[in-house]
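The values are calculated or read from the model by the stated rules, or taken from the named source; none is laboratory data. All values reported here derive from a predicted model rather than from experimental measurement. So basically every Cβ, Gly included, is an ideal-geometry build from the backbone, and we count neighbours across all protein chains shown. Heavy atoms of the whole protein, side chains included, go into the accessibility calculation; ligands, DNA and RNA do not. Shrake-Rupley method; radii C 1.70, N 1.55, O 1.52, S 1.80 Å.
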Amino acid sequence: MKQKETDSKKSDKKIRKRFSQTNFGFMIISCVAALAVVVLLVLGTLFWLDSYTRHGEEYDVPDIVGMYIDEAEMIVAQQGMRVQVIDSTYSRRVPLGSIVDQSPKAESKAKEGRAIYVIVNAKSVRTVPVPNLRDVSYRQAEANLQSLGFEVGEIEYEPSVYKDLVLDIKHDGEVVEPGTRVQEGELLTLVVGFGQGTEQVKIPDLIGKTKSDARITLLRNRLILGSIDYDVERTAENDSLFVVYEQSPRAEQDILEGSRVDIKMTTSLEKAATAATHHDEEEFF
């Protein structure tokens, strides 16, 4: 009986020892397998990141300033990059429709697939309406025109009631009326008053003239246009039909250079003709 119990205990010990050895081996195998999986995952991730970011693969950014978009796209594509327009501007220094700036700059490094952002010059010259700057100070008028994209050239001085105020704006030697559209970047001339002169001049006859002709005639005689009254409401449709039918002071009087001459305007040719006839009769007598 005792022998059987002893044999049974020995058998249990062998089983436990074998189980313990088996479990320990299993744990070692599991740990090794888990470590191998982790290593593979890390290596796979690093490989993917390296492939995704194309680590170390950088190319020289080509200089595409001054090129047209189609030409620039072909050059950039050779480096595996692309062109993306982000803004437009207007410059007289480069051809219309060409690239005026780029980012990244030329000769810097960029990876394949990178977009090169560009600013493109306008494809056509923009026209801008000339603002009404009469009776505005010279400095303020110059700053206003420059902010609109114009360039201010020489200054012409004429007699005037007040000093350093703008009398007119000229383009290519001709007076430009407010609202006239002129190409951006054009050179404009400011006609500025230097105050009243000391000489007497004769007032020209303005009856029957348009506002523009009356202004030019006065400037040629060293006088300036004063207030303008219309006998009917002025609209876009009838604006070009108005002519002078009355002026103050009247024609042929002597007046100090730089003085103002006020006018009244009408669309009635009969009214203007009557005023001209009346003026001729006064001169006759």
Could you tell me whether region 259-276 includes any residue that is touching a Pro at 6+ places or on another chain (Cβ under 9 Å) and of a type outside the set (Val, Ile, Thr)? yes
Given the options VAL120, VAL94, VAL83, name the one that is without any contact (Cβ under 8 Å) to a residue 40 or more places away in the chain and in a strand (DSSP E or B). VAL83
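Report yes if some residue within region 131-148 is in a loop (DSSP other than H, G, I, E, B) and within 20 Å of the chain's Cα centre (by Cα); otherwise report no. Give the derivation first.
In the first step, residues of region 131-148 are kept if they are in a loop (DSSP other than H, G, I, E, B); the result is 131-136, 148.
Now restrict to residues that are within 20 Å of the chain's Cα centre (by Cα): 131, 148.
Scanning region 131-148 turns up at least one residue that is in a loop (DSSP other than H, G, I, E, B) and within 20 Å of the chain's Cα centre (by Cα).
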Residue list for region 149-183, filter: farther than 19 Å from LEU225 by Cβ, in contact with a Leu (Cβ under 9 Å, 6 or more places away or on another chain) and assigned to a strand (DSSP E or B): GLU151, VAL152, GLY153, GLU154, ILE155, VAL182
Go through region 109-134 and give me each residue that's open to solvent by less than 40 Å² (accessible area, probe 1.4 Å) and within 24 Å of ASP70 (Cβ to Cβ). ALA110, ALA115, ILE116, VAL118, VAL120, ASN121, ALA122
State all residues of region 186-208 that are closer than 19 Å to ARG250 by Cβ, open to solvent by 40 Å² or more (accessible area, probe 1.4 Å) and either aliphatic (A, V, I, L, M) or in contact with a helix residue (DSSP H, G or I) (Cβ under 8 Å, 6 or more places away or on another chain) (or both); if no residue qualifies, say none. ASP205, GLY208
Mind checking whether some residue in region 166-175 is crowded, with 19+ Cβ neighbours inside 10 Å and more than 30 Å from ARG126 (Cα to Cα)? no
Out of all the residues in region 222-240, is one or more over 39 Å from the mean Cα position of the chain (by Cα), open to solvent by less than 50 Å² (accessible area, probe 1.4 Å) and farther than 30 Å from GLY149 by Cα? no
If you check VAL83 against the conditions, is it open to solvent by 60 Å² or more (accessible area, probe 1.4 Å) and hydrophobic (A, V, I, L, M, F, W, C)? no
Restricting to region 217-259, name every residue that is in a strand (DSSP E or B), at pLDDT 85 or above and touching a helix residue (DSSP H, G or I) at 6+ places or on another chain (Cβ under 7 Å). LEU225, ILE228, VAL243, VAL244, TYR245, GLU246
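Rundown of residues vs (1) without any contact (Cβ under 8 Å) to a residue 24 or more places away in the chain; (2) surrounded by fewer than 18 Cβ atoms within 10 Å (Cβ to Cβ), yes/no style:
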{"residue": "THR210", "(1), (2)": "no, yes"}
{"residue": "ASP213", "(1), (2)": "yes, yes"}
{"residue": "PHE242", "(1), (2)": "no, no"}
{"residue": "LEU256", "(1), (2)": "no, yes"}
{"residue": "VAL261", "(1), (2)": "no, no"}
{"residue": "GLU270", "(1), (2)": "yes, yes"}
